[in-house]
Every structure is written in structure tokens, then in C-alpha cells.
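Below is one structure, written out as C-alpha cells; comments come after it.
Nothing in this text is a laboratory measurement; each read-out follows from the coordinates by a stated rule. Source: prediction; values computed, not measured. Positions of Cβ are backbone-derived with ideal geometry, glycine not excepted, and every protein chain shown enters the neighbour counts.
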Amino acid sequence: MIPYRAPGWLPGGHLQTVYPLLIRPDPLPCHRQRWETPDGDFIDLDWVTAADASAQPDCRPLLVIFHGLEGSSNSHYALTLLRAAAAVGWAAVAVNFRGCSGESNRLPRAYHSGDSEEIDWILRRLQTASPARRHYAVGVSLGGNALLKWLGESGTSAMDCLHAAVAVSAPVDLAACGHHLAHGFNRVYTRHFLHSLKRSAAGKLRRYPGLFDERRMRAARNLYEFDDVVTAPLHGFSGADDYWRRASSKPWLGAIRLPTLLLNAVNDPFLPAQALPAASQVGSSVRIDFPRHGGHVGFVTGSPPGQLVWLPQRILHYFQHEV
């Protein structure tokens, strides 16, 4: 696999993070499937059909994609991964976390960075539905952190559900990431996230008056303040500090036993380089790939206007040739 090299016309982690939003691929025709959750809620999964579906459907490998904060199956990285998987004859499904499929979920809770219990339920249901397949999972950003946490908690039992996994630009240290996003240019990303998060939170209050302190929610200036008043209490944490500590995947990386690729650019503006895990902090089955450039889920290549092909190629190469 060719190592990632950022194009000279797109310098710096910020440009490499933002630019992919301008060249996102067109949506793919997908089949949407709704699952009722054990607690009376629902999630939506979007399936894409392989370009060559001549093989028995239950025997083709399945790629499962978990998106990032306020993302969905329509995020640029999800679309490129779905397209790439279909092109090599795989089945692929993008999981929309609760409330991320374009329709508000039913319960006060939604999704969060450490929701490994939800990851477990999804992967085990997929495995039960098609046990003859080889299942592979990719978690991106928030989805990557939740997937890594599940992998560490599960240890060898993760092999019951998956053949291998990849985490891309995962905020493995939520405190380091959250505080980093509160300073400098990173506040642009924070404002973007807060705009979407506050809109969803306001919808929750309309359905559940008094669920949390509306004044504090609307006044939140950073992710710490928002998580402290909304995310943490809605998902069983005592506050932002407790949430960020208990939901971070970094303490679990050494317990991972499934073959896993940890892919993160050193210049990712969401996570300071010093917070990236060292080789001594991950399990022997975990491969670290930390290119110097690429931004946060960026990895643009080629001449202007650029392409988003390197990331899906890197992921599929790992699954097909390195595991």
C-alpha cells in the first residue's frame, strides 16, 4: 500500500480537514433498514449493493461503518467507503447512530463517544443474521473511539463478531480532544458541532420538558460545557469529566485482541499529537499507522480538485492483504 502523502497544494491539518467537505461524492442508492432497539428506540442502517453480486449474498464479506460526531451514512467518508466496498464485490452497511438518520430518536438518550454497548448489540445482530460472512468494521472519529472501546472491553470475544477492524481519526483521549477543540482555529469546528448538537438538544426538550437545563445548554461555548449539561447526564455520567474519562478508548487499547488498524494523521487538529498512543500502549494485534499529514478524516490526494480515494483503499488493503 502506498503511504499517504498530502498534495503540495493543500498544506496543513485544517485545510486537509475542511477541504473534503467541498468534494464529497454524490449519494449512493441505498436500502434503508430500521432496527428496533431492546430499549424501545430505533436505529437506521443504510445498505449498498455490490457492483458484482454474483456470489451468494451471505458469503460476501460485509463492511460495517460507524460514523463520527453529528455524522451519518451521508458523510463523505461513509460514501467513499460504501462505494469502494461495493466496487470490490463486498456488501456494506453504514450504521446511523440514534437520531442521526434524519429523524429524531424516541428516547431522551441519543448516542455518545463511549457507546460500546450499542456497538456490541449491532455487531452481534449482524453476525447472527449472516454467520457465513466475514465481518469487518470501520469506526470514524467518534465511531472509531466507540469501536476501539468495545474491542478492548470484549478482548477475544470480539472475534465472535469480526475478522478485523479499523479506527480512523479516533479521539482516543476525549479530554485531550475536547480541550484542544476549545482553542484557536479549532473553535470553528466546535461552533459547527455545537450548532447541530444544540438543535438536536432543543428538539429533545420539546418532547421532554425539563430534561436538562435549557439555559445552560444554549449558553454552552464549548464541548465541555455542552457535554456537562446534556451528553453526560442523558447517558449515565455524572458530568463532562466523568464522561470523557470513562468513554475514552485509550485505556482499553492494550486489551484489544482482534487485528486492528489504528489510522490517524499526526496533524489531526482534533487530537494533539502528544495524545496519540505509543506502541507500548496498544495490544500486539493493533497496528499503528500515523501519517504526518492528512488532517481529521481528510487524506486528500491528486491534483486539484483532489480525490478521496486513498482512505478507502488503505482500509480495504489492510482487510484484504494485511490481516
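Where both bridge residues fall in segment 4-103, DSSP classifies roughly 70% of the beta bridges as antiparallel.
Per-residue Cβ neighbour counts within 10 Å put I122, I315 in the sequence I122, I315, beginning with the fewest.
Put in order of Cβ neighbour count within 10 Å, fewest first, the listed residues I119, I288 become I288, I119.
Using a Förster distance of 22 angstrom, determine the FRET efficiency expected from the C-beta separation of M1 and S303, and round it to 0.05. Using R0 = 22 Å, I get an efficiency of 0.60.
Run the numbers on the chain and let me know its relative contact order in percent, using alpha-carbon pairs under 8 Å that are six or more apart. Computed value for the chain: 22 percent relative contact order. Straight-distance candidates among the lysines for linking to K149, with alpha-carbon spacing under 19 Å and chain neighbours fewer than 8 residues away dropped: K250. Available extension along the chain between H317 and S196 is 40.1 nm, counting 0.36 nm per residue and deducting the alpha carbon span. For the pair A255 and R187, label points projected 7 Å from Cα toward Cβ lie 3.8 nm apart. The antiparallel fraction among DSSP beta bridges confined to the chain stands at about 35%. Computed over segment 1-138, relative contact order equals 27 percent, with contacts defined as Cα pairs under 8 Å that lie 6+ residues apart.
Helical content of the chain, expressed as a calculated mean residue ellipticity at 222 nm, amounts to -9000 deg cm²/dmol (DSSP H runs of 4 or more residues, -39,500 (n - 2.57) each, divided by residue number, nearest 500). Site pair R134 and A279 shows an inter-label distance of 2.6 nm when each label is modelled 7 Å from Cα along Cα→Cβ. Membrane-span-like helices in the chain, defined purely by DSSP H runs whose alpha carbon atoms cover 27 Å or more axially and whose average Kyte-Doolittle hydropathy reaches 1.0, do not occur.
Placing +1 on each Lys and Arg Cβ and -1 on each Asp and Glu Cβ, with no other charges, gives the chain a dipole about its Cα centre of roughly 500 debye. Residues of segment 106-132 with amide nitrogen under 14 Å from the 7 Å Cα-to-Cβ point of R207? Zone members listed by number: 106-111. Here the simple spin-label model places points 7 Å from the Cα toward Cβ, and for E36 and R246 these points are separated by 2.9 nm.
In terms of the mean number of neighbouring beta-carbon atoms within 10 Å, the peptides 265-272, 102-109 order highest first as 265-272, 102-109.
Building the convex hull from the alpha-carbon atoms of segment 175-247 and averaging its projection over directions returns 4.6 nm².
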